[in-house]
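Nothing in this text is a laboratory measurement; each read-out follows from the coordinates by a stated rule. Remember, it's a predicted structure, so these values are computed and weren't measured experimentally. Please note: Cβ atoms are built from the backbone with ideal geometry, for glycine as well, and neighbour counts cover all protein chains shown.
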């Protein structure tokens, strides 16, 4: 990938204020893209991400929206287009996580998790796909998880939502492949983000022991894969899910 491969392109990253989303925003900016940073509650973190984007010499645009709301998603996409132009690159990264047993998994937890983690990817993708089809160009990456590939008895809703994203990615990718729109996904393992804040160190140590590379992943590890999938280095790939888990999950 050339240093400024995405020069003149507009990228939208949902949940872009911190963690993996922030790392994606930074790398996209360093590759020349103007970046729209979606957030819901973390305004100060999103503003910091915008500063990092602008430091790369490109334009940043903050857009607050609940991506599980069709009305707010449509308004957000219109806002981004007005500020930065048509959206070429989309990273569906927004997500929530509940670590609860089956006895504690209420319908509200189930619905909210599916709405934020899965339905949001549909809503944002549908809000941008017609423009991508009309222009004959679009690159989309969905943020799944190894939780969508293995049992998670204490995060049933989360696991279902991430498995759903993998199925969504495959079917959507085939539907729009002839339009020069590629849709792929990344399935991270344990990554050092705010999700693991408060997790007992003993639990983390056991997870590291169960990871062949013997470390927790960093947000940039995932962002590098996202950029690969958005770039022309992956021009013959669509409908795929790349696992980045330090070896905790290995696909054939």
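General remarks:
- Over segment 1-58: Kirkwood hydrodynamic radius from C-alpha pairwise inverse distances, Å: 10.9 Å
- Put simply, when 100-108, 147-155 are sorted by average Cβ atoms within 10 angstrom per residue, most first, you get 147-155, 100-108.
- Normalising by residue count, segment 109-252 has a Cα convex hull of 119 Å³ per residue.
- For the chain, the average shadow cast by the Cα convex hull is 13.1 nm², which is a quarter of the hull's surface.
- Above 15 Å, the calculated P(r) of segment 130-190 contains 52 percent of its Cα-Cα pairs.
- Using only alpha-carbon positions in segment 75-140, the gyration tensor eigenvalues give semi-axes of 32, 11, 9 Å once each is multiplied by 5 and square-rooted (largest first).
- Distance in nm between pseudo-label sites at residue 44 and residue 7 (7 Å out along the Cβ direction from Cα): 3.7 nm
- In the calculated pair-distance distribution of segment 154-228, the portion above 19 angstrom amounts to 54 percent of the Cα-Cα pairs.
- Working ranking of peptides 24-30, 226-232 by packing, defined as the average number of other Cβ atoms within 10 Å per residue, highest first, is 24-30, 226-232.
- Take every DSSP beta bridge whose two residues both sit in the chain; close to 0 percent of them are antiparallel.
- Helix-only CD estimate at 222 nm, as mean residue ellipticity for the chain, using -39500 (n - 2.57) per DSSP H run (n ≥ 4): -13500 deg cm²/dmol
- Alpha carbon centroid spacing (whole Å) that separates segment 52-114 from segment 143-177: 17 Å
- Per the Cα gyration tensor, segment 34-171 maps to an equivalent ellipsoid with semi-axes of 28, 18, 13 Å, ordered largest to smallest.
- In degrees, nearest ten, helix 70-84 long axis to first principal axis of the chain (Cα): 50 degrees
- Packing-based exposure ordering (other Cβ within 10 Å, fewest first) of 76, 237: 237, 76
- Burial order of peptide ranges 181-190, 210-219 (average beta-carbon count within 10 Å, highest first): 181-190, 210-219
- Pairwise centroid distance, computed over Cα atoms, of segment 16-47 with segment 211-239, Å: 17 Å
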